[in-house]
Amino acid sequence: EYVLPQMVRDVITSFPQNSHPMAILIASFSSLAAYYCDQKTDGELECKLAVAKVASIVALIYRHITNQDFIQADVGLSYSKNFIHMMFDISSYKFTEIVDKALDVIFVLHADHEQNASTATVQMTGSSGPN
């Protein structure tokens, strides 16, 4: 499910190239929500779709803000290899199994730990209404 709906691609490319990537990412996920709004899916499938699409979204954002053509996903590649392929088009680079596994671990750790302790602490404290 790497393929992005045209609507999402249009949203990304409608932003000026000097836009902040996080603003484009937020708009991209909002457009995904609009695209899939009529589909009845469970939460697990929605999460899988989001993870599958985020690599393509981030790569397209990067390619857009650096004024480069988008590179389509290659379904024959692993998630990590595909992300690197779509970002940098380094088809001549041969991934070793160690590099491939290391990239997969980095992605999992990033996804699992993005909300770090200080962020969680500030959110918890702020939501309790302290003076």
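Can you tell me which condition Tyr36 does not meet? The list is (1) closer than 14 Å to Arg9 by Cβ; (2) modelled with pLDDT under 90, and all the others hold.
(1) is the only condition that Tyr36 fails.
Which one of the conditions (1) more than 15 Å from Tyr2 (Cα to Cα); (2) in contact (Cβ under 8 Å) with a residue 60 or more places away in the chain does Asn82 fail to meet, given that it meets all the rest?
Going through the list (1) more than 15 Å from Tyr2 (Cα to Cα); (2) in contact (Cβ under 8 Å) with a residue 60 or more places away in the chain, Asn82 breaks only (1).
Which residues, counting only those in the stretch 67-94, are within 15 Å of Val105 (Cα to Cα) and either β-branched (Val, Ile, Thr) or part of a loop (DSSP other than H, G, I, E, B) (or both)?
Within the stretch 67-94, Ser78, Ile84 qualify.
Does Ile26 satisfy the condition of being under 19 Å from His110 (Cα atoms), under 13 Å from the mean Cα position of the chain (by Cα) and not in a loop (DSSP other than H, G, I, E, B)? I'd like the intermediate steps shown before the answer.
Numbers: under 19 Å from His110 (Cα atoms): yes; under 13 Å from the mean Cα position of the chain (by Cα): yes; not in a loop (DSSP other than H, G, I, E, B): yes.
When the stated conditions are applied, Ile26 passes them.
Assess whether Met7 counts as being surrounded by fewer than 11 Cβ atoms within 10 Å (Cβ to Cβ), in a helix (DSSP H, G or I) and without any contact (Cβ under 8 Å) to a residue 40 or more places away in the chain. Break it down stepwise before answering.
Values: surrounded by fewer than 11 Cβ atoms within 10 Å (Cβ to Cβ): no; in a helix (DSSP H, G or I): yes; without any contact (Cβ under 8 Å) to a residue 40 or more places away in the chain: yes.
Judged against the criteria, Met7 is not a match.
Against the condition modelled with pLDDT under 80 and loosely packed, with under 10 Cβ neighbours inside 10 Å, how does Asn131 come out, does it pass?
On the way: modelled with pLDDT under 80: yes; loosely packed, with under 10 Cβ neighbours inside 10 Å: yes.
Yes, satisfied.
Please go through the stretch 29-65 and pick out each residue that is assigned to a loop (DSSP other than H, G, I, E, B) and either free of Cβ contacts under 8 Å to residues at least 12 places away in the same chain or in contact with a His (Cβ under 7 Å, 6 or more places away or on another chain) (or both).
Start the filter on the stretch 29-65 by keeping residues that are assigned to a loop (DSSP other than H, G, I, E, B), which leaves 36-42.
Of everything in the stretch 29-65, those that are assigned to a loop (DSSP other than H, G, I, E, B) and either free of Cβ contacts under 8 Å to residues at least 12 places away in the same chain or in contact with a His (Cβ under 7 Å, 6 or more places away or on another chain) (or both) turn out to be Cys37, Asp38, Gln39, Lys40, Thr41, Asp42.
Looking only at the stretch 13-51, how many residues end up being within 18 Å of Ala73 (Cα to Cα) and either surrounded by fewer than 15 Cβ atoms within 10 Å (Cβ to Cβ) or of a type in the set (D, E, K, R) (or both)?
3
The values are calculated or read from the model by the stated rules, or taken from the named source; none is laboratory data. Computed from a prediction, not measured in an experiment: that's the story for all the values here. Methodologically, a virtual Cβ is constructed for each residue, glycine included, from the backbone with ideal geometry; neighbour enumeration extends over all protein chains shown.
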